[in-house]
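> Okay, handing you the structure first.
The values are calculated or read from the model by the stated rules, or taken from the named source; none is laboratory data. What you see is a predicted model, and the numbers here were worked out from it, not measured in a lab. Cβ atoms come from the backbone with ideal geometry, glycine included; neighbour counts cover every protein chain shown. Just so you know, the surface numbers come from the protein's heavy atoms only, side chains and all, with ligands and any DNA or RNA stripped out. Shrake-Rupley method; radii C 1.70, N 1.55, O 1.52, S 1.80 Å.
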Amino acid sequence: INNMTGYAYFDDISLVIRQKLKWEEKETKFITFRWQPQRPFPAEDMDREVRLVEGIAKEVGISKTEKRIYYRLYPDEQMFFDVTGKKRYQPFTRWGDRELHTLASYEDHEMIHLILYDLGTPPFGLAKGLVFYFRAKYNGWDLHNAAKQDLFRKELPALYKTINQRDFANSTVSITVPAWGSFVTYLIDKYGMDKILELYRSTDGITEAGPFSARFKSVYGVDFQQMDHDWRWFLLRYECDAAADTIF
């Protein structure tokens, strides 16, 4: 190994062939639901998931995805560990295969990411912002109110500082995600869905603030930081009776 030759030698190998699992399944327009017989997939949750995904697909103009979405529902943690090889439970997604592996019979966060997957991979904040726009819409959350409380506490970050994924991850995500959700909602309400989708597609693969700002101005005709400023003034004037929602 220290010689870095690229060869590794092993003298104790075992091959374990596990019994192949037989999944029961149901296909819908975008999703194939799969489950084990000992834990049937609740019909009401399946229907709710279908309404969510098909409603969002219609709103963003998706009639067909490049790959089908597979929703694998596990009966217990042990089977989840055996099949996925994970050591602890946390729902996860195989993006290339469009597979969601989970113990939950209803999931909106990752499923919204999956239905939007073919639109591209813009900066993390914009991607999360659009997902949380839809999550808020279907869950009755008030993202503007949540962002307004953080603005009053002087904790709301400048959005251009969270374009890079590393910077986004190093921020306080429980503040940054609702902020981007509020910003995206503001853009959609003011300029329409077509504009945000144009920005989403045109910033595919962009990871830095400079190129993102240039694309933003070409789509909206306004400087990105100026729009950030205008959105903050909107939040200051935003009126809401309820306390801020707990998004996380």
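> Being in a helix (DSSP H, G or I), open to solvent by 10 Å² or more (accessible area, probe 1.4 Å), at pLDDT 95 or above and under 16 Å from Phe168 (Cβ atoms) is the filter here; which residues of segment 110-126 pass it?
Across segment 110-126, the qualifying residue is only His113.
> Take Asp167 and decide whether it is without any contact (Cβ under 8 Å) to a residue 24 or more places away in the chain, over 24 Å from Thr93 (Cα atoms) and not in a loop (DSSP other than H, G, I, E, B).
no
> Just give me the residues in segment 74-102 being crowded, with 16+ Cβ neighbours inside 10 Å and among the hydrophobic types (A, V, I, L, M, F, W, C), in sequence order.
The answer is Phe80, Leu100.
> Within the set of pairs 6+ apart or on separate chains, which have a first residue in segment 220-239 that is under 21 Å from Gly210 (Cβ atoms) and open to solvent by less than 50 Å² (accessible area, probe 1.4 Å), a second that is in a helix (DSSP H, G or I) and not polar (S, T, N, Q), and C-beta atoms under 6 Å apart?
Phe224/Phe216; Asp228/Leu159; Trp231/Phe183; Trp231/Tyr186
> Separate question: Here is a check on your reading of the model: is Asp194 loosely packed, with under 14 Cβ neighbours inside 10 Å, modelled with pLDDT of 95 or more and in contact with a Gly (Cβ under 6 Å, 6 or more places away or on another chain)?
Considered against the rule, which asks whether it is loosely packed, with under 14 Cβ neighbours inside 10 Å, modelled with pLDDT of 95 or more and in contact with a Gly (Cβ under 6 Å, 6 or more places away or on another chain), Asp194 comes out as no.
> Now a separate question. Mind listing whichever residues of segment 150-176 are among the β-branched types (Val, Ile, Thr) and either open to solvent by 30 Å² or more (accessible area, probe 1.4 Å) or within 14 Å of Leu126 (Cβ to Cβ) (or both)?
Thr162, Ile163, Thr172, Val173, Thr176
> While we're here: Residue by residue through segment 38-86, note down the ones that are touching a strand residue (DSSP E or B) at 6+ places or on another chain (Cβ under 9 Å) and β-branched (Val, Ile, Thr).
Correct list: Val50, Val53, Ile69, Val83, Thr84.
> Is at least one residue of segment 135-153 within 22 Å of the chain's Cα centre (by Cα), at positive phi and free of Cβ contacts under 8 Å to residues at least 12 places away in the same chain?
Within segment 135-153, one or more residues are within 22 Å of the chain's Cα centre (by Cα), at positive phi and free of Cβ contacts under 8 Å to residues at least 12 places away in the same chain.
> Kindly establish whether Ala179 is of a type in the set (A, V, I, L, M) and crowded, with 22+ Cβ neighbours inside 10 Å.
When the stated conditions are applied, Ala179 passes them.
> Still on this structure: When segment 50-106 is examined, which residues are found to be part of a helix (DSSP H, G or I), of a type outside the set (Val, Ile, Thr) and over 30 Å from Arg201 (Cβ atoms)?
Glu77, Gln78, Met79, Phe80, Phe81, Asp82
> Right, next: Among the listed residues Thr162, Thr207, which satisfies the condition of being among the β-branched types (Val, Ile, Thr) and modelled with pLDDT under 95?
The match here is Thr207.
> Right, next: Counting only residues that are closer than 24 Å to Phe212 by Cβ and of a type in the set (Lys, Arg), which one in segment 127-148 is surrounded by the fewest Cβ atoms within 10 Å (Cβ to Cβ)?
Looking at residues that are closer than 24 Å to Phe212 by Cβ and of a type in the set (Lys, Arg), I get Arg135.
> Residues of segment 32-44 being crowded, with 16+ Cβ neighbours inside 10 Å and either farther than 20 Å from Ile115 by Cα or touching a residue at least 60 places away in the same chain (Cβ under 8 Å) (or both), which ones?
The answer is Trp35, Gln36, Phe41.
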